[in-house]
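Nothing in this text is a laboratory measurement; each read-out follows from the coordinates by a stated rule. Here the structure is a predicted model, which is why all the values come from computation and not from measurement. Methodologically, a virtual Cβ is constructed for each residue, glycine included, from the backbone with ideal geometry; neighbour enumeration extends over all protein chains shown.
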Amino acid sequence: MEQGNTKQEILKAALDLFSVQGYEATSISQIADVVGIRKATMYSHFASKQEILEALVQNTMEQYNKHSIFAQANWNDPAFIKDKQNITVEAALKIILGHIRYILHDPQISKSRRMLTIEQFQNPALKALQTKQNYADVMDYFTGLMNFLISQRRIKDNDPKIMAAQLCLPISAWINLCDREPERENEVMDLIERHIRQFFKIYER
């Protein structure tokens with residue numbers, strides 16, 4: 001196995017284990033066994049288990065910043081809102097549902113989210129990352145969307161942060177349900193679509 005491939009295999013195996021049993025409960029020996037290498041060989045790639053975790057977090061952040069609509073959004077940037085001036089409910093629905101399917105099905109994103117869920121209570125840095133990715137950035141995106149739609153007179157003028165919470169927080173709960181019970185994805189996606197349509201029906205001008 002080439003060195004570069006071995007390093008990626010180590011990261012993959014570590015993420016698989018961390019996302020199921022947590023960081024503390026996972027040993028270097030377990031990771032080495034999954035990859036099929038000796039424990040001593042692990043240390044030629046990573047100095048410690050902590051270094052493996054840091055590499056996983058860096059990879060996750062890179063992918064998040066590259067693909068997440070929440071990381072890329074800037075509702076005060078004219079270039080960002082240029083193609084959204086006439087956004088419809090169907091267009092908003094398509095964007096939101098498409099992103100939900102992405103975060104549910106992308107292996108690294110979904111496993112990283114599970115890892116953060118486990119580790120948020122033990123690791124202050126991962127707790128902060130969990131809050132940023134799964135609450136703060138999501139709320140900022142939808143608050144910006146509400147402000148934008150209000151300014152375009154597409155929806156009623158109301159408290160944009162509360163409206164954002166009404167729209168996005170039930171979706172977060174359904175995503176968490178899918179993480180625990182992936183067989184319920186079709187049911188969840190149907191509920192999310194109905195929820196979004198009803199939200200805009202209530203607030204439409």
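A few notes on this one:
- For the stretch 1-54, chymotrypsin sites (Phe, Trp or Tyr not before Pro) are listed when DSSP marks them as loop and at most 14 other Cβ atoms sit within 10 Å of their Cβ; the list is Tyr43.
- Euclidean distance between Cα centres, the stretch 170-196 to the stretch 90-115, Å: 11
- Sites Asn186 and Thr41, calculated FRET efficiency, Cβ-Cβ separation with R0 35 Å, nearest 0.05: 0.20
- Relative contact order [Cα under 8 Å, 6+ residues apart], the stretch 1-55, whole percent: 35
- Spin-label model, Asp33 to Lys201: label points 7 Å out along the Cα-to-beta-carbon direction sit 5.4 nm apart.
- The value obtained for the chain, namely the Cα convex hull volume divided by the number of residues, is 133 Å³ per residue.
- Excluding same-chain neighbours fewer than eight residues apart, the lysines reachable from Lys161 by a Cα-Cα span under 17 Å are Lys132.
- Over the chain, Cα pairs under 8 Å with separation of 6+ residues give a relative contact order of 20 percent.
- Simple label model, 7 Å out from Cα along Cβ direction - Glu24 to Lys127, nm: 1.2
- Within the stretch 1-55: Cβ-based charge dipole about Cα centre, in debye rounded to nearest 20 (Lys, Arg +1; Asp, Glu -1): 120
- Tensor-based shape of the stretch 1-53 (alpha-carbon gyration tensor, a/c under 1.5 rounded, otherwise prolate or oblate): prolate
- Loop-located trypsin sites (Lys or Arg not before Pro) across the stretch 9-63 with a Cβ neighbour count of 15 or fewer within 10 Å are Arg38, with loop assigned by DSSP.
- From its DSSP helices (H runs of at least four residues, each -39,500 (n - 2.57)), the chain gives a residue-normalised ellipticity at 222 nm of -23000 deg cm²/dmol.
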